[in-house]
Each structure stands twice: as C-alpha cells, then as structure tokens.
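Q: To start, I am sharing the structure in question, which I have written as structure tokens.
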Amino acid sequence: MSTTVKAYAATAPDAPLVPTTIERRDVGAHDVRIDIKFAGICHSDIHTARSEWGPTNYPVVVGHEIAGVVAEVGSDVTKYAVGDRVGVGCMVGSCGECEYCLAGTEQFCVKGNIQTYAGIDKDGTPTHGGYSQAVVVNEDFVLGIPDGLDLDVAAPLLCAGITVYSPLHHWNAGPGKKVAVVGLGGLGHMAVKIAHALGAEVTVLSQSLKKQEDGLRLGADHYFATSDPSTFETLANSFDLIVNTVSAVVDLDAYLSLLRVDGTLVNVGAPEKPLSLHAFSLLMARRSFAGSPIGGIAETQQMLDFCAEHGLGAEIEVISADRINEAYERVLASDVRYRFVIDVSTL
Ligand SMILES: [Zn+2]
Ligand SMILES: [Zn+2]
C-alpha cells in the first residue's frame, strides 16, 4: 500500500522537468509523513536531473531542501507529532551501526548514507525528493524547524545552510578569526551570514563588485573582486579559513596564497573537472586544502537552532512549480539572489 502524490520529475538528461505523480510508502512504525510546503532548488538538483555527476535513473524527483509540516506519525515515533514544523535535507537514512553513524556523522557512513533523491531506500525502491507534495522519512532523519524561522527561508538551510555551517564550525570560525568566502551565491550568502553570526571577520571574494552592497548587508566586513589582480597582493597571507563555494575550476594556488600559516582552504563546491595545485602552495606555510560535504543530523539541528537564534534565513525568491525549468536556467546564469524556493502548493 502506498499514497500517490503530485511531483515534478526529470525524465532524461536533456529534457525539461515535467509534472507527474509518484508513490510514497505507508508510514512505518518509525516513520513521519511530511506535507511539504517549500522545496529549495540546489545546484545538485540540476547536476542530478541532467546526469552530470554520472548516470541518473529516470524518472527522478529531486529536491533536498525540504520544509513542511508533520501530517502523520508511526506508532513508535517519539521525536515528532502531527503539526510539527520540520525539514529534511540530503539524507534519509544510513546504516546506523558504523563508527561514523554512531558518532552522529551519518554523512560519512561507511556503507554510504541514503540520499534523499536518486538513492536506493532500505526497501530497495528509488528515493524521490522534495519537488513533491509529501514525503515519508524515518524520524531519525527529520529535523525540527524552530518557531523563529519561516518555512520558506528555512528550506535552503537544509542543504546550503549545513554545507557551509559544518566547515565553519569544524574549523572554528569565530571571534578573532579571519574568514573568506569565495563566491556569493546560494552557499556563499549563507556562509557570510553564519560566519558573521559566529563572530568571525568576514571577507567576500567575488568575481566582481556587482553584489558588494548585498555582501556587506548580509554581514561581510570586506568585499574584494577576484578579477582585480591587486586583490591577491593586498590579501596575501591574511586568512585563517577560506570557504570556496564555487562549483567551477579555480586557481587554487592563488587562493592558497591568501592563507596564513596553518590556514585551511576548504572546498564545498564540487566542480565536474579535477582541481590541481602546486605542493609548494601548501608546504611553505603548512597550509591545508580540504573538502567538506553536508553535516550530520545532530549538527544540522544545531545549525537550524543557531540560525533561528540569530534570525538567519536564506535570501529567497519563491516560485511556482511551473517555473522550475526557467529557474534552472537562471541558477546556471547566476541570476538569483540567492536561492529559488518552490511553493509546493502550486504543484
Ligand atoms: Zn544541495
Ligand atoms: Zn553507517
């Protein structure tokens, strides 16, 4: 038995997304059924819909920035009740037994966590994400959205928010630390807000000064254009941490030269092509080049609570479902300030 819900699906790498219906499983003992209210559009959705990160099994319903309200709970559910405001991010399951799952870092599950979409669920069926009216998820992978956050601005926090919060938290961004954020897009604008709220001195490194006013309003202390070569001279050896949100190949050596001794450049953007760097860029100042994916469930909840406490939602443009394909083109053209969010009632 299952429930049929409306959704928007990708059916081929080069075809636009189209309205469809999908089946959601019955609510099991530990499951929560969520009526989805808003779903953010993440760049990963586009990569998956278009098979850019390897072949996708079609049809697929993407979306892993899900915010909604609990509509039904299973008999053994203890964490949530009907009517609760909740979210789902990039994972809907993991093995629960490995050292990383036991440590609350399910994103590193040795058996591989179950992705919210384009994954294989425990029952062997393909997972489908947030561009749909409802989703059924194990309560352990459901996040509570605090009252201080509206559901529409909370949705992008479930991927974009945690993707930048986790490295900022891990590498101790805070008072006395100089943090640079490369790229002021969906990820970058949240990195600026969160790093500022954590107490760090924040610099935006963007291609041009086009979004400077926004960057300063969102919490940046300084804003530099990377198209200006003097930027790299002015800022040499100055940052403790650089968070690179750009999903394109960049000159890593140039960015590494901006780090102080023991500084870290962490990539959260995922370019399709390999990156390269000179070892000298690292070893002369004991610098690190790192990567970071999303965060664990506990850290994601911590991020949501932090954002609510500091009044940090995403800057969004809410769209109806029939504008998803247009929104994809605008994301690719960097023509969004700063995240599209689908009003799921328009499905
Ligand atoms: Zn994402
Ligand atoms: Zn595991």
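Q: About the Cα centre, and with charges only on the beta carbon of Lys, Arg (+1) and Asp, Glu (-1), how big is the dipole of region 31-147? Nearest 20 debye, please.
A: 280 debye
Q: Tell me the Kirkwood radius of region 1-137: reciprocal of the mean inverse pair distance over distinct alpha-carbon atoms, in Å.
A: Mean inverse Cα-Cα distance, inverted, gives 15.4 Å.
Q: Still on this model: Sort out the exposed loop GluC sites (Glu not before Pro) in the chain (DSSP loop, at most 11 other Cβ within 10 Å) and tell me the longest stretch that has none.
A: Here the longest run is 98-271.
Q: Also: First obtain the Kirkwood hydrodynamic radius of region 250-336 from its Cα pairs, then insert it into the Stokes-Einstein equation at 10 °C and 1.306 mPa s, and state the resulting D in µm² per second as a whole number.
A: 96 µm²/s
Q: Round to the nearest 0.05 the FRET efficiency obtained for Thr234 and Arg323 when R0 = 45 Å and r is the Cβ-Cβ distance.
A: Rounded to the nearest 0.05, the efficiency is 0.65.
Q: With no solvent and one point per C-alpha, what does the Debye sum give as log10 I(q)/I(0) for region 180-302 at q = 0.15, 0.16, 0.17, 0.18 Å⁻¹?
A: Result of the Debye calculation: -0.67, -0.76, -0.86, -0.97.
Q: Whole angstrom only: what separates the Cα centroid of region 267-294 from the Cα centroid of region 32-103?
A: Region 267-294 and region 32-103 have Cα centres spaced 29 Å from each other.
Q: If you roll a 1.4 Å probe over the chain with all protein chains in place, what percent of the accessible area is carbon or sulfur?
A: Answer for the chain: carbon and sulfur cover 51 percent of the accessible area.
Q: Can you pull the percent of Cα pairs in the chain with separation above 30 Å?
A: 35 percent
Q: Note down the magnitude of the dipole of region 214-301 about its Cα centre, charges +1 on Lys and Arg C-beta and -1 on Asp and Glu C-beta and zero elsewhere, to the nearest 20 debye.
A: 180 debye
Q: Another question, if that's okay. Which value, in debye to the nearest 20, describes the size of the charge dipole of the chain about its Cα centre when Lys and Arg Cβ atoms bear +1, Asp and Glu Cβ atoms bear -1, and nothing else is charged?
A: Charge dipole of the chain: 520 debye, to the nearest 20.
Q: Please compute the per residue accessible area over the chain with all protein chains in place, 1.4 Å probe, rounded to a whole number of Å².
A: I get 42 Å² per residue for this part.
Q: Length gain on complete extension for the stretch Met284 to Asp150, per 0.36 nm per residue less the alpha carbon to alpha carbon distance?
A: Going from the current span to full extension adds 43.6 nm.
Q: Using only the alpha carbon atoms of region 16-74, find the Kirkwood hydrodynamic radius as the inverse mean reciprocal pair distance, in angstroms to one decimal.
A: For region 16-74, inverting the mean 1/r across all distinct Cα pairs yields 13.4 Å.
Q: Each residue of region 81-93 in order: what ³J(HN,Hα) in whole Hz does its phi give by Karplus 6.51 cos²θ - 1.76 cosθ + 1.60, θ = phi - 60°, with x for Gly and Pro?
A: For region 81-93, the Karplus-derived couplings read 10, 4, x, 5, 8, 9, x, 9, x, 7, 10, 10, x Hz, x marking Gly and Pro.
Q: Right, here's the next one. Quick one: of Lys122/Lys193; Lys210/Lys273; Lys6/Lys193; Lys178/Lys210; Lys111/Lys177; Lys111/Lys193, which pairs are farther than 32 Å apart, Cα to Cα?
A: Cα-Cα > 32 Å for Lys122/Lys193; Lys6/Lys193; Lys111/Lys177; Lys111/Lys193; rest within.
The values are calculated or read from the model by the stated rules, or taken from the named source; none is laboratory data. Treat the numbers as computed from the prediction; the structure is a model and nothing was measured. Glycine gets a Cβ as well: all are built from the backbone with ideal geometry, and neighbour counts include every protein chain shown. These accessible areas exclude ligands, DNA and RNA; they are computed on the full protein's heavy atoms, side chains included. Shrake-Rupley method; radii C 1.70, N 1.55, O 1.52, S 1.80 Å.
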